[in-house]
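Visitor: Can you keep this structure in mind? I'll have questions shortly.
The values are calculated or read from the model by the stated rules, or taken from the named source; none is laboratory data. What you are looking at is a predicted structure, and each value in this text was computed from that prediction instead of being measured. When we count neighbours, we look across all protein chains shown, and the Cβ atoms used for this are built from the backbone with ideal geometry, even at glycine. Side chains included, ligands, DNA and RNA excluded: accessible areas come from the protein's heavy atoms. Shrake-Rupley method; radii C 1.70, N 1.55, O 1.52, S 1.80 Å.
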Amino acid sequence: MSALEQSTLDPVVAPIEENNRAQISLDAELLATELQKHTQRIFPPVAQKAIRRFSSAEAANFLGIHEGYLRQLAVDGKAPLPEVQPNGKRTFSVEEINAVREFLDSNQSNRRYIPHRGAGEKLQVISVINFKGGSAKTTTAAHLSQYLALRGYRVLAIDLDPQASLSTLFGQQPELDVLPNETLYGALRYDSQRTSIEEIIRATYLPGLHFIPGNLELMEFETTTPVAKEVRTFFLRITEALQPVEAEYDVVVMDCPPNLGYLTMAALSAATSLLVTVHPQMLDVLSMAQFLKMVGDTVNLFGNRRPDYDWLRYLITRHEPNDGPQNQMVTWMRSLFEHRVLQNPVLKSTAIADSGLTKQTLYEVDRTKFTKSTYDRALESLDLVNGEIEANIRRAWGRQ
């Protein structure tokens, strides 16, 4: 046997490891440094994220009108005439879409193109939740927030997950761009350093969408709550924090932590509606059974001190229509939960996954980076899902 053949058969002998506790911190620092380098390659320090321009078909869809009508408005000078792209087609910026929306709303008496809530329509607070990793909770919250803003709603997105993946998608580096007291914890804390929520809300690159970032600071709420004198009413903390800005928004979308800690319980209490993401695999559904049991026990503790939810919906994510076992699981869930399962699933797509590699959503990423069929299929899936959620919001307001 040659030396080369022998070397391939011999097991690799790992070095003796010492002080693995210290190594955890060292690995964390190493990973953070390399990720920061990666971020700077994608988005240099002077760069800012931006929302892309939209085709006339997309703009018409967000406005709720026919594409031909939108084009005619532009030709007649009743709407901004968007710039012509190199391919000869006209595209709309979000600002131009909103200008059309304002024109339509000012010239119609029987339809509201600006969908802001009116008198008697309460703020919708949607908690996006699941304890199982890989359920697409964060990407669901990100795309839902952006879709609603593109549809003309005033939206506040809140990252409640200490891992801060939603913050990363929105162009924030949790370890660099978010200072102490700049997460929601700043408005929840129990000491004299508590700040108002107005101080921590940030504007985004998408008109109509504001944001509160997250980072590891959020974990402080888990450690300070048990010893606080206000511990018995901790679950009202987020509700109270939102009150000063309640009139400024139509919808709040909260990306909840993947556990049932004090922060999640406060989010469950503040919510008017729950959106549960689930990947249609047996292990994920088994996990969801335990999750729902814990959530049910938790919300029952609130008693009559909190109103009932306007709606509860289960969203199938990362769905593969050609996967037989997945389809069986989806069918079974629909037989159990009936209308509470949204009719449209989020399809598993390389377009959604690959856009996340550059810290972008499908509404931001350059569609030319993908084949047309792949991109359009993924975007249609997201629009159908978000349209269903919007319908539930409007139904909660008593609208058709």
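Visitor: Any lysines with Cα under 29 Å of the Lys229 Cα? List them, leaving off those in the same chain fewer than 8 positions away.
Guide: Within the straight-line cut-off, Lys229 pairs with Lys293.
Visitor: Cα centroid distance between the stretch 142-199 and the stretch 356-380, in Å?
Guide: Between the Cα centre of the stretch 142-199 and that of the stretch 356-380, the gap is 24 Å.
Visitor: Output the direction-averaged projected area (hull surface divided by four) of the convex hull of the alpha-carbon atoms of the chain, in nm².
Guide: Projected over every direction and averaged, the Cα hull of the chain covers 27.0 nm².
Visitor: If you don't mind, there's one more thing I want to ask. In the stretch 82-160, what percent of the accessible surface is made up of carbon and sulfur (1.4 Å probe, ligands and nucleic acids excluded)?
Guide: That share works out to 47 percent.
Visitor: Suppose each label sits 7 Å from its Cα in the direction of the beta carbon; what would the Leu179-Leu357 distance come out to in nanometres?
Guide: 3.6 nm
Visitor: Please report, as a whole percent, how much of the solvent-accessible surface of the stretch 180-266 comes from carbon and sulfur atoms (probe radius 1.4 Å).
Guide: Looking at the stretch 180-266 in its full context, I get 53 percent from C and S.
Visitor: Expressed as a rounded percentage, what relative contact order does the stretch 131-259 have, with Cα pairs under 8 Å and six or more residues apart?
Guide: Relative CO of the stretch 131-259 lands at 39 percent.
Visitor: What nm distance separates the two modelled labels at Thr368 and Asp297, each placed 7 Å from Cα along Cα→Cβ?
Guide: Distance between the two pseudo-spin positions: 5.6 nm.
Visitor: Moving on. Accessible area of Arg151, 1.4 Å probe, to the nearest 10 Å²?
Guide: Using a 1.4 Å probe on the heavy atoms, I get roughly 50 Å².
Visitor: Using only Cα atoms, what is the ratio of the radius of gyration of the stretch 211-358 to 2.2 N^0.38 Å?
Guide: In units of the 2.2 N^0.38 Å rule of thumb, it is 1.20.
Visitor: What is the percent carbon and sulfur in the accessible area of the stretch 354-400, measuring with a 1.4 Å probe over the protein chains and ignoring ligands?
Guide: It is 53 percent, rounded to a whole number.
Visitor: So how much slack lies between Ala57 and Val227, counting 0.36 nm per residue of separation and subtracting their Cα-Cα distance, in nm?
Guide: Length gained between Ala57 and Val227: 55.7 nm.
Visitor: Please tell me which of these pairs span more than 26 angstrom C-alpha to C-alpha: Lys348/Lys369; Lys78/Lys372; Lys122/Lys359; Lys132/Lys359; Lys78/Lys359?
Guide: Flagged as over cut-off: Lys78/Lys372; Lys122/Lys359; Lys78/Lys359.
Visitor: Expressed in nm to one decimal, what extension gain is obtained for the pair Ala50 and Arg340 from 0.36 nm per residue of sequence separation less their Cα-Cα distance?
Guide: Full extension of this stretch gives 100.9 nm more.
Visitor: With contacts defined as alpha carbon pairs under 8 Å and 6 or more residues apart, what's the relative contact order of the chain in percent?
Guide: Reported relative contact order: 17 percent.
Visitor: For the full complex of protein chains and a 1.4 angstrom probe, list Leu242, Leu216 by accessible area with the highest value first.
Guide: Greatest to least solvent exposure: Leu216, Leu242.
Visitor: Working with all protein chains in place, sort Asp255, Asp76 by solvent-accessible area computed with a 1.4 Å probe, largest first.
Guide: Heavy-atom accessible area, descending, gives Asp76, Asp255.
Visitor: Also, I was wondering about something else. Kindly report the accessible area of the chain per residue (heavy atoms of protein chains, probe 1.4 Å, no ligands, DNA or RNA), in Å².
Guide: 51 Å²
Visitor: Among bridges DSSP assigns within the chain, what percent are antiparallel (round to 5)?
Guide: DSSP beta bridges in the chain are roughly 15 percent antiparallel.
Visitor: Sorted by accessible area with a 1.4 angstrom probe, largest first, how do Glu83, Glu390 fall?
Guide: Glu83, Glu390
Visitor: For Ala391 and Ala99, compute 0.36 nm times the residue count separating them, minus their Cα-Cα distance, and round to one decimal in nm.
Guide: 102.8 nm
Visitor: Can you list which of the DSSP-assigned H helices in the chain have a Cα extent of 27 Å or more along the long axis and an average Kyte-Doolittle score of at least 0.0?
Guide: Correct list, ordered by number: 282-302.
Visitor: Quick one: accessible surface of Ser192, probe radius 1.4 Å, all protein chains present, in square angstrom to the nearest 10.
Guide: Ignoring ligands and nucleic acids, Ser192 comes out at about 120 Å².
Visitor: Mean separation of Cα pairs under 8 Å and 6+ residues apart, divided by the residue count of the stretch 226-339: what relative contact order is that in percent?
Guide: 28 percent.
Visitor: Round to the nearest 10 and report in Å² the accessible area of Ser335, as given by a 1.4 Å probe over the protein chains' heavy atoms.
Guide: In the full protein context, Ser335 sits at about 80 Å².
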